[in-house]
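Asker: Can you keep this structure in mind? I'll have questions shortly.
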Amino acid sequence: MYGRRKDSSDIRTPDRFSYPPSPSPSSYSTSSGRSTSGRNRVKGAARSVAGVFVACFTPPGEEDTRHHSSSVYGGGSDTFSSTSDVSGASDSTDGRRRGTPRGIYGTRNDSTHLKEPGSTKFTIAEIHHATKNFSPALKVGQGGFGTVYKGQLQDGTLVAVKRAKKSLYDKNLGGEFQSEIQALSKVEHLNLVKCYGYLQHGDERIIVVEYVPNGTLREHLDCIKGSVLSLASRLDIAIDVAHAITYLHTYTDHAIIHRDIKSSNILLTEKLRAKVADFGFARLAADEESGQTHVSTQVKGTAGYLDPEYLRTYQLTEKSDVYSFGILLVELVTGRRPIEAKRELKERVTARWAIKKFTDGHAITVLDPNLEKSDANGLALEKILELALQCVNSHRRNRPIMRRCAEVLWNIRKDYKELLD
């Protein structure tokens, strides 16, 4: 039933869509339509996508990093940053809905320590008290930014304290610290890690954020956390992440591009709700009102998730996050990392391998072996891969906006649940 690739008409494509103020299916306003794209169109798109994968991805070292989390609350060692900075010309821009109140996705902050996101300037005494003088017993992660400690504020709020590496206080690190502070201070959303405040004094650079207790998505896909994530849970996580990115792109006062969407930057709560973390590479998007269509900037991101058009032109738009999200979708359904350096050549770049299997009619063979090869899983897998194929298109103008990704994923989940009932 699911051995052959289904026509894209299996995905419902509503003509109109009203994005919800909270993640509730009943909040969506849709009217059904059907896509007319056929097998040849999908194959042609896949060939176009496949042609850019090898040239764009620089594989990480051969060291196996499956059993440690280098990016909990921070960028890992596979983070990529170019040294070039260029000025860019105009390009076609993505339509965005503006004028929506910033708080449409806002969540009430339960901490009595904070009045506005990221507004608190902590003292070193408060940080020492919260972390018991940076006790090794409270260390919960290590990333490119530095060390992360679990802490507790005086009002009882549990926090993650990100302490920058003192040996790396240079221009780049300082820029990342400022970027994260600026980005986190502007956002508040259920699916974004909440920022409580920061400390910048002497040789200390510290960010205090919400503590999310259940590790990273990557750890769960590697089964480090024990039980296997069901496909239903993976769909929920994908929708959570899509909501978070949509909020950043559409509902903030000025659109924010995350630039480092990846599984190790997605933290899970005990109820498996996803929260996007690490805004060290975040940038404000182009200002449409002034006629700008992209931001010209040095390339930053993570190998395997990098938008090839951004990598080639240094022109950054929200569609770079869409590309990374497409890679994440493939990662969710296959369980594999974007680059599997130890696999045979044809399987080394996971998205290219999975998309080829999908267009050849053998999508079920890429399903995470920890998941059951059932009819329901097979059909959902094909629809997710079709969305991923659109997201990783080599030309950003052909990628969907994140709001559209959320819409499609909602319909996939609805159909999937109906098949299970």
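The values are calculated or read from the model by the stated rules, or taken from the named source; none is laboratory data. It should be emphasised that the depicted structure is a prediction, and the values quoted were computed from it without experimental measurement. Cβ coordinates were reconstructed from backbone atoms using ideal geometry, including for glycine residues, and neighbour counts include every protein chain displayed.
Asker: Suppose we filter 384, 364, 401, 339 for residues that are crowded, with 23+ Cβ neighbours inside 10 Å and either touching a helix residue (DSSP H, G or I) at 6+ places or on another chain (Cβ under 7 Å) or assigned by TED's automatic domain parsing to the domain that holds residue 246 (or both); which single one remains?
Answerer: One residue alone meets the criteria, 384.
Asker: Among 284, 311, 379, 316, which is the only one that is at pLDDT 95 or above and of a type in the set (A, V, I, L, M)?
Answerer: 379
Results for (1) surrounded by fewer than 23 Cβ atoms within 10 Å (Cβ to Cβ); (2) touching a Gly at 6+ places or on another chain (Cβ under 9 Å); (3) modelled with pLDDT under 65, shown as yes or no for each residue.
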residue	(1), (2), (3)
148	no, yes, no
153	yes, no, no
159	no, yes, no
162	no, yes, no
167	yes, no, yes
179	yes, yes, yes
182	yes, yes, no
187	no, yes, no
190	yes, yes, no
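Let's see how each residue does on (1) part of a helix (DSSP H, G or I); (2) over 22 Å from residue 235 (Cα atoms):
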site	(1), (2)
279	no, yes
298	no, yes
323	yes, no
341	no, yes
372	no, no
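Asker: Can I ask one more? What are the residue pairs meeting all of these: first residue in the stretch 222-247, first residue hydroxyl-bearing (Ser, Thr, Tyr), second residue assigned to a loop (DSSP other than H, G, I, E, B), Cβ atoms under 6 Å, and 6 or more apart or on different chains?
Answerer: From the stretch 222-247, the pairs are 233/272; 247/189.
Asker: In the stretch 264-274, which residue that is surrounded by fewer than 24 Cβ atoms within 10 Å (Cβ to Cβ) and in contact (Cβ under 8 Å) with a residue 24 or more places away in the chain is farthest from residue 337 (Cα to Cα)?
Answerer: The extreme case among them is 270.
Asker: From (1) of a type outside the set (Phe, Trp, Tyr); (2) modelled with pLDDT of 95 or more; (3) under 18 Å from the mean Cα position of the chain (by Cα), pick out the condition that doesn't hold for residue 340.
Answerer: (3)
Asker: Could you check, for the stretch 347-356, whether at least one of its residues is charged (D, E, K, R), out of contact with any His (no Cβ under 7 Å at 6 or more places or on another chain), in a loop (DSSP other than H, G, I, E, B) and within 30 Å of residue 317 (Cβ to Cβ)? Before the answer, list the steps.
Answerer: From the stretch 347-356, those charged (D, E, K, R) are 347-348, 352, 356; that's our starting set.
Those left that are additionally out of contact with any His (no Cβ under 7 Å at 6 or more places or on another chain): 347-348, 352, 356.
From what is left, the residues that are in a loop (DSSP other than H, G, I, E, B) are none.
No, that holds for no residue.
Asker: Among the residues of the stretch 302-321, which ones are under 19 Å from the mean Cα position of the chain (by Cα) and assigned to a helix (DSSP H, G or I)?
Answerer: Correct list: 308, 309, 310, 311, 319, 320, 321.
Asker: Only one of these is within 20 Å of residue 195 (Cα to Cα) and within 11 Å of the chain's Cα centre (by Cα): 240, 253. Name it.
Answerer: 240
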